[in-house]
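Visitor: If you scroll down you'll find the structure; I have some questions about it.
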Amino acid sequence: MRSPQRLVVDPSQIRDRQVHLTPEQVHYLYHVLRLKPRDCLWILDGHGQRWRGQLGGDRTTVDLHEASSHPSELSTEIILCLALLKAANFEQVLQQATELGVRQIVPIHTARSLLQPSTSKYQRWRRIVQEAAEQSERLYLPTIGDPLTVPEMVKHMPHGYVGSLRSKVLLAAYFPTISWNAPLAVAIGPEGGWTPAELEFIVGAGWREFSLGRRTLRAVTAATATLSLISHYSEQHLP
């Protein structure tokens, strides 16, 4: 038997134990997923709540029934500081980062960044994150922050781990000393890597360099590999 479909809604849409659907959500549920009135689905508010819902007969609402816990979140609040890559590559990382449990995504302007995000781009990014959260049954929708420069990144997050082509220390070597119940910031640079000046600045501010091995990885691969390792290790430290 297939698991019910999942839909992330804005908390403001929930009133009197009902979800009031937007026209876009109505189209998605009835024309894309081809659901019918009275079909069941999971409703998530993106802030930790999940309910079993049932599509209303008026086709514009969902009746909420019992709340349901679903331990899909990591104990570690992972903050991904990601260089602004080419659009398709950045979006691929957004999807995979959401599936792997990241709680915050912070775009970073670097000397080798290629993307200048617009308002419409942010709207697209949020749709990608929402769809990935629905697919992976996340209770929390990752936030996407405003782009920061490298100095702004280390000012806001004075401690973290930065992927580096020059480092000889494997990422996993740090795991025994990490506090897995505290926020964990990790930075992935652009294609071609950080400039020497950027890396010196980040490390000088207190961040630790790490390596993913002797091979040179593309930025997308590096981000996915880094988050996979952190997510897997964090799962072992769930309370």
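The values are calculated or read from the model by the stated rules, or taken from the named source; none is laboratory data. Note that the coordinates shown come from a computational prediction; the quantities given were computed from them, not determined experimentally. Please note: Cβ atoms are built from the backbone with ideal geometry, for glycine as well, and neighbour counts cover all protein chains shown. Side chains included, ligands, DNA and RNA excluded: accessible areas come from the protein's heavy atoms. Shrake-Rupley method; radii C 1.70, N 1.55, O 1.52, S 1.80 Å.
Visitor: Pick out the one residue from 75, 12, 69 that is in a helix (DSSP H, G or I) and surrounded by fewer than 19 Cβ atoms within 10 Å (Cβ to Cβ). Talk me through it step by step, then tell me what you get.
Guide: Values: 75 fails: in a helix (DSSP H, G or I); 69 fails: in a helix (DSSP H, G or I).
Of 75, 12, 69, the one residue that is in a helix (DSSP H, G or I) and surrounded by fewer than 19 Cβ atoms within 10 Å (Cβ to Cβ) is 12.
Visitor: Now for a separate question. Considering only residues that are open to solvent by less than 70 Å² (accessible area, probe 1.4 Å), closer than 16 Å to residue 102 by Cα and modelled with pLDDT under 95, which ones fall in segment 171-203?
Guide: 180, 182
Visitor: Given the conditions (1) closer than 30 Å to residue 8 by Cα; (2) touching a helix residue (DSSP H, G or I) at 6+ places or on another chain (Cβ under 9 Å); (3) not in a loop (DSSP other than H, G, I, E, B), and given that residue 127 satisfies all but one, which numbered condition is not satisfied?
Guide: Of everything listed in (1) closer than 30 Å to residue 8 by Cα; (2) touching a helix residue (DSSP H, G or I) at 6+ places or on another chain (Cβ under 9 Å); (3) not in a loop (DSSP other than H, G, I, E, B), residue 127 misses just condition (2).
Visitor: From the set of residues in segment 154-165 that are surrounded by 19 or more Cβ atoms within 10 Å (Cβ to Cβ) and either assigned to a loop (DSSP other than H, G, I, E, B) or out of contact with any Phe, Trp or Tyr (no Cβ under 9 Å at 6 or more places or on another chain) (or both), which is modelled with the lowest pLDDT?
Guide: Initially, segment 154-165 is screened for residues surrounded by 19 or more Cβ atoms within 10 Å (Cβ to Cβ), giving 154, 157, 160-164.
Subsequent filtering for residues that are either assigned to a loop (DSSP other than H, G, I, E, B) or out of contact with any Phe, Trp or Tyr (no Cβ under 9 Å at 6 or more places or on another chain) (or both) retains 157, 160, 164.
Values: 157: 92, 160: 97, 164: 95.
The selected residue is 157.
Visitor: Continuing with the same structure: Can you tell me which of 220, 150 is surrounded by 18 or more Cβ atoms within 10 Å (Cβ to Cβ), within 17 Å of residue 80 (Cβ to Cβ), more than 15 Å from the chain's Cα centre (by Cα) and not small (Gly, Ala, Ser)?
Guide: Values: 220 fails: more than 15 Å from the chain's Cα centre (by Cα).
The match here is 150.
Visitor: May I ask you to list pairs of residues, at least six apart or on different chains, whose Cβ atoms are under 7 Å apart, with the first in segment 150-178 being charged (D, E, K, R) and the second being surrounded by 15 or more Cβ atoms within 10 Å (Cβ to Cβ)?
Guide: 168/211
Visitor: Another question, then. Quick one: which of 132, 172 is closer than 30 Å to residue 24 by Cα and in contact with a helix residue (DSSP H, G or I) (Cβ under 8 Å, 6 or more places away or on another chain)?
Guide: Values: 172 fails: closer than 30 Å to residue 24 by Cα.
Of 132, 172, the one residue that is closer than 30 Å to residue 24 by Cα and in contact with a helix residue (DSSP H, G or I) (Cβ under 8 Å, 6 or more places away or on another chain) is 132.
Visitor: Would you check which residues across segment 124-153 are polar (S, T, N, Q), closer than 23 Å to residue 46 by Cβ and at pLDDT 90 or above and list them? Steps first, answer last, please.
Guide: Taking segment 124-153 as the starting set, the residues that turn out to be polar (S, T, N, Q) are 130, 135-136, 143, 149.
Still in the list and also closer than 23 Å to residue 46 by Cβ: 130, 135-136, 143.
Hits for segment 124-153 are 130, 143.
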